[in-house]
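Accompanying notes for the structure given below.
The values are calculated or read from the model by the stated rules, or taken from the named source; none is laboratory data. As the structure is a prediction and not an experimental result, all values here were calculated from the model. Ideal geometry is used to build each Cβ from the backbone, glycine not excepted, and the neighbour counts take in all protein chains shown. SASA here: full protein model, heavy atoms, side chains in, ligands and nucleic acids out. Shrake-Rupley method; radii C 1.70, N 1.55, O 1.52, S 1.80 Å.
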Amino acid sequence: MELRTKVDIAPSSWQIQPGTRVLFVGSCFAESIGSKFKEEQFPVVINPYGVMYNPASILHTIERHCNDSDFVPDVAILTLGTNHVYVLKETGEIVDNCQKRPQSLFDEQELTVNACYDYLREAVMRLMSRNKNVHVVVTVSPIRYRKYGYHGSQLSKATLLLAAEKLAKEVHIDYFPAYEIMNDELRDYRFYKEDMLHPTHQAVEYIWERFAKTYFSNDVFTMMSEWKPIKEALNHRPFDSESEEYKAFINKAREAKEAFIKKYKASPPTPLPRRGE
């Protein structure tokens, strides 16, 4: 008897390797998943200019990052939160942060499916101008927006899902169903925090595991198994941090971390062999 509806995810045509450089831009869900990559010692950049919820602001971040940073990602993960944007009345420009200015200075607008697609496609093209082989993974955040009303929140997510589906038909772009996993596989309030909106640590861990099974190479799983005892040693909290035994213990753990980092240098994602090769 099947007691839940599991989301099917097609095998990826490419794999993330140890040291693959990953850029995360988007909603706070991007930060949740990005922190998992950082914890596992991937070279990552997470929302370099703050959390961005809509496709226009995601584009603005990527443009700015490409202009200002030497970090060139092999993989970019874009997490869409909403199609709502705020437009400064004085200039007609979409702003990424209202900077606590009076709401009367802004108009709240909703981007269409095509507008979301256009902003995202431009963001992808900007990334490809730095690395023509970059892989882009688009997700839709499962976090609902109470302020829109739950029906309004669903309409916003539907717009993003349609734009993501259109975008994912292009080369180098995948759609990862984080939204569907949360709403179909984990559709129980025990997977939500006290606000009943944000996923718990357990839910994020599960989505992370599904992502890893989809995109990680065997070498990455080997890397993580090697890193686990080092990480646990570094996170150990002793009774006496000034004891000679602990100092020797932590120094050994730090040396192991340095050796680990040298071993797993940056490595771009690799395509999987086609059938028959």
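Computed over protein heavy atoms with a 1.4 angstrom probe, the accessible surface ordering of M182, M196, largest first, is M196, M182. Straight distance only, please: which lysines reach the Cα of K6 with their own Cα at less than 17 Å, same-chain residues fewer than 8 apart left out? Straight-distance partners of K6: K213. Note on K262 and S241: the model spin-label points, each 7 Å out from Cα along the C-beta direction, lie 2.8 nm apart. For trypsin sites (Lys or Arg not before Pro), the sites in the stretch 194-274 that DSSP calls loop and that have at most 11 other Cβ atoms within 10 Å are K265, R274. Applying both filters, DSSP loop and at most 15 other Cβ atoms within 10 Å, to the GluC sites (Glu not before Pro) of the stretch 80-186 gives E90, E170. Accessible-area rank, largest first, for S69, S129: S129, S69, with all protein chains present and a 1.4 angstrom probe. Divide the volume of the convex hull around the Cα atoms of the stretch 1-99 by the residue count and you get 160 Å³ per residue. Can you give the angle from 0 to 90° between the axis of helix 28-39 and the longest principal axis of the chain, with both taken from C-alpha atoms, to the nearest 10? Approximately 20 degrees, to the nearest ten. Report the residues of the stretch 120-146 in range of a label on C98: point 7 Å along Cα→C-beta, backbone N strictly under 16 Å from it. Counting only backbone N, you get 145-146.
How many percent of DSSP beta bridges within the stretch 1-122 run antiparallel, rounded to 5? Expressed as a percentage, antiparallel bridges in the stretch 1-122 total about 50. Beta-bridge orientation, the chain: approximately 40 percent antiparallel, per DSSP, counting only bridges with both partners inside.
Could you pull out the pairs from K38/K228; K38/K263; K38/K157; K228/K265; K36/K257 whose alpha carbons sit more than 22 Å apart here? Violating the 22 Å limit, Cα to Cα: K38/K157.
Please give the Cα centre distance for the stretch 1-38 versus the stretch 88-119, rounded to the nearest Å. Centre-to-centre (Cα) distance: 29 Å.
Rounded, prolate or oblate, given the Cα gyration tensor of the stretch 37-154, with a/c below 1.5 counting as rounded? Verdict is prolate for the stretch 37-154.
Given a Förster distance of 25 Å, report the FRET efficiency between K169 and E209 from their Cβ-Cβ distance, rounded to the nearest 0.05. After rounding to 0.05, the efficiency reads 0.40. Shown here: Rg/Rh (Cα atoms, Kirkwood Rh), derived from the displayed model; of the candidates [x] 0.94; [y] 1.00; [z] 1.05, it corresponds to [y]. Sites listed here are chymotrypsin sites (Phe, Trp or Tyr not before Pro) in the stretch 1-52 whose DSSP assignment is loop and whose Cβ has at most 15 other Cβ atoms within 10 Å: Y49.
Computed over the chain, the per-residue total of -39500 (n - 2.57) for DSSP H runs of n ≥ 4 gives a 222 nm mean residue ellipticity of -13500 deg cm²/dmol, rounded to 500.
Leaving out same-chain residues fewer than 8 places away, which lysines sit with a Cα under 16 Å from that of K100? List returned: K89.
Of the solvent-accessible surface of the chain, computed with a 1.4 Å probe and all protein chains present, 50% belongs to carbon and sulfur. A crude spin-label estimate for the pair Y148 and R126, with each label 7 Å from Cα along the Cβ direction, gives 2.2 nm. Only aspartates and glutamates eight or more places from K132 in sequence, or on another chain, were considered; those with a Cα closer than 16 Å are E63, D70, D74, E122, E170, D174. Taking the longest Cα principal axis of the chain as reference, the axis of helix 113-130 is set at about 40 degrees.
Accessible area per residue for the chain, computed on protein heavy atoms with a 1.4 Å probe, is 56 Å². So how tilted is helix 218-234 from the main axis of the chain? Cα-based, degrees 0 to 90, rounded to 10. It works out to around 70 degrees.
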